[in-house]
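Following: one structure in structure tokens, then a few remarks.
The values are calculated or read from the model by the stated rules, or taken from the named source; none is laboratory data. What you are looking at is a predicted structure, and each value in this text was computed from that prediction instead of being measured. Here the Cβ positions follow ideal geometry from the backbone for every residue, glycine too, while neighbour counts run over all protein chains shown.
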Amino acid sequence: QDTGREGITELATQCPFCSVQCKMTVMVECGSSAGRPAIRVEGTMNAASEGRLCVKGMNAHQHANSRERLQYPLAKRDGEFIRITWEEAFATIQERLTTIQQIHGRDAVGLYGGGSLSNESAYLLGKFARVALRTRYIDYNGRFCMSAAASAGMKTFGIDRGLTNRLAEIQDAECLILAGTNIAECQPTLMPYFTRAKDNGAFIIVIDPRETGTSALADVHLKVKPGTDAALVNGMLKIVMDEGLVDQSFIRKRTKGFEELKHHLDGLDLDAVSVLCGVDRASIRRAALAYGRASTGMIFTARGVEQHVDGHMTVRNFLNLLLVTGKIGRPSCGYGAVTGQGNGQGGREHGQKADQLPGYRLIENEQDREYVASVWGINPAELPGKGVSAYEMMELMHAGDIRGLFVMGSNPIVSNPNAGLVEEGLERLELLVVADIFLSETAKLADIVLPVTSYLENTGTMTNLEGRVLLREAARAAPAESKHDWQMLCELAAGLGQGERFAFRSAEQIFEELRIASRGGIADYYGITYDRLRREEGVYWPCPSLEHEGTKRLFEERFAHPDGLAVFAPVDNRRPEEETDVDYPLILTNGRVLEHYLTGVQTRRSPSLAARAIENVMEIHPRTARKYRIEDGALVRIDSRRGTVVVRTRVTSKIREDTVFVPMHWGGIQNVNRLTNPALDPFCRMPDFKVSAVRLEPITGE
Ligand code: SF4
């Protein structure tokens, strides 16, 4: 927009990366000394990030302006990509998808979405799968992000919203538990909420096998052995109960299942818990007493405790702890699943998940099917059934059951566990179509690549980790021949004979249909409109009417189950699914670094971010490094039962001696997911990313 200042254009937008969704202004100043526009970025005051930006947000425009941006559709011929027109791309995709489905059935085609897509794109991708292609197979990378916390929230509370209350309430909590979340690197603009709480006297408990910028705030850091978090919480629960720190009145009036939980923990051996978790008993006790005695407190979990085969039950145990002490539904009391992806919350609410329809409706529920079918103008019998999770789709590709795949805003070859199988599965497809802004590792394997718009060019709503719906408006026109995700889907659907049901001319029109499709559902957006989002600083769902102000704090009176009660669940102490042995003697865990987002497709193309973290690095404890003759800065080969990677080494005493840590942002030989364990959580189908048994071998003669 015109700023009134000659030669300066201001683009008002929102960061494309993590779940805080910080608002920002990108200032483009023409005529700099280098002869190219100079660009400055500033945070814009807003209620979530309070005007702050982290280094990722400050440099997000670099990837949007990259010369590597895809300009036009590509098709692979004899192993090389050639430029084609959109008409050719659509005609080829329509013809080949139709042929695959005619020969092998509708379910021979799958769709794979992403948690960075806007609500409108996620909604339309789900509708495209169910209405235009009528396949049951659709899922997305959010399966790896929030599925454990989401399913645990649904079972315990009857609703799944990232934070049960506002970020602003953190600073007044007396005790905070941060479990498996490294906010200092993953959502840095949230850190001031926690430092303010600390300044106000809060007791902070961090549960993480590594010392991080987040654990630096901790009064107690429980440096837990990966995969044993549920047992650790059992220990804390036992201490809280034995010390009489339970809120009997809350338990009696607002919960059910407490007696079973109490009985389950009666004989718990705290020494055995301490040994299993690798945490001394005194520290567990200190943490339990601090949380139990505090009159207010909040618990935050993230992938560190969720990406396990018992991730669902681990989160349920944290919710047990919260419920026994009655710390929910009142100021500065609640739970937060700290989402990694920009639209991790909204992306899972509107139908790109295998088992869900818009508004968090369930695809296997007859009433939900009837309602959504009526909005879409189809017979409910035409709606396909429930599909399978993201990694299970990879297995179906590998087995030859899924023969055509459409990927939108995701890079499954880097983000799935057991990447070797994923790569083979993608190579076996008869048709792989990838819509992206760059030639990602997955796009390189594609038959057709479609260029789409970036965050600077694409209008849509995003729902941040608080459940706050925010509008991000396009700041500039689409470059070259790129199209918006939704435009592309509408045109493809029209070619498949579904033009009437996909006759959208703007993202806002899609949102208008989404509002109706979500009406009365768990994630009810009916009262939210673009006009309202332009006037207000976002609106919290559920928001069932235009007059409703949105729900800032959940569960003040009742939980969302029909009887209004929250549900306790006894949780077993589990050992990790894959244990170390003489062949694979160390635990590998993975995670993020400050500079990169997800599989790094965007951030690795931002020169400033890439320069700060140019390659993948394994963290290892000095004593472990000595034992395996590995030197700081040297290359190391890591093997698991599934594959091999080669990365550089960083020797640091910040990690446990029995564990090594490798980030998740790189592909190829640096792709940590070549090593990771694809065992799935039975409740939510989350893979066990966080515990794999590995061995190390120094690489000599560099
Ligand atoms: Fe904000 Fe997250 Fe973007 Fe950083 S990455 S600027 S914390 S939205």
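Observations
- Each residue in the stretch 179-201 was checked for being away from the ligand (no atom under 16 Å from the Cβ) and either out of contact with any Gly (no Cβ under 9 Å at 6 or more places or on another chain) or free of Cβ contacts under 8 Å to residues at least 40 places away in the same chain (or both), and 6 pass.
- One residue alone among 208, 219 is surrounded by 24 or more Cβ atoms within 10 Å (Cβ to Cβ) and touching a residue at least 40 places away in the same chain (Cβ under 8 Å), and that residue is 208.
- Sub-6 Å Cβ pairs linking a first residue in the stretch 661-690 that is in contact (Cβ under 8 Å) with a residue 40 or more places away in the chain to a second residue that is among the acidic types (Asp, Glu), at least 6 apart or interchain, are 661/619; 667/441; 677/578; 677/688; 679/577; 679/688; 688/577, ordered by first then second residue.
- Qualifying residue in the stretch 29-36 (condition: buried (at least 17 other Cβ atoms within 10 Å of the Cβ), at pLDDT below 90 and more than 15 Å from the ligand (Cβ to nearest atom)): no
- Here the strands (runs of 3 or more DSSP E) wholly within the stretch 590-690 that include at least 1 residues being of a type in the set (D, E, K, R) are 617-620, 635-640, 644-651.
- Residue count, the stretch 159-218 (criterion: more than 30 Å from residue 359 (Cβ to Cβ), within 18 Å of the chain's Cα centre (by Cα) and among the small types (Gly, Ala, Ser)): 1
- Flag: residue 139 does not match the condition of being within 23 Å of residue 327 (Cα to Cα) and either within 16 Å of the ligand (Cβ to nearest atom) or buried (at least 23 other Cβ atoms within 10 Å of the Cβ) (or both).
Here's the yes/no breakdown for (1) over 22 Å from residue 490 (Cβ atoms); (2) crowded, with 23+ Cβ neighbours inside 10 Å; (3) more than 16 Å from the ligand (Cβ to nearest atom); (4) modelled with pLDDT under 95:
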| position | (1), (2), (3), (4) |
| --- | --- |
| 65 | yes, no, yes, yes |
| 77 | yes, no, yes, no |
| 81 | yes, no, yes, no |
| 88 | no, no, yes, no |
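- Which numbered condition residue 319 fails, given (1) in contact with a Leu (Cβ under 9 Å, 6 or more places away or on another chain); (2) in a helix (DSSP H, G or I): (1)
- Residue match in the stretch 123-145 (condition: of a type in the set (A, V, I, L, M, F, W, C) and closer than 30 Å to residue 254 by Cβ): yes
- Residue pairs meeting the criteria (Cβ under 6 Å; at least 6 apart or on separate chains; first closer than 19 Å to residue 325 by Cβ, in the stretch 150-174; second among the acidic types (Asp, Glu)): 153/160; 163/466
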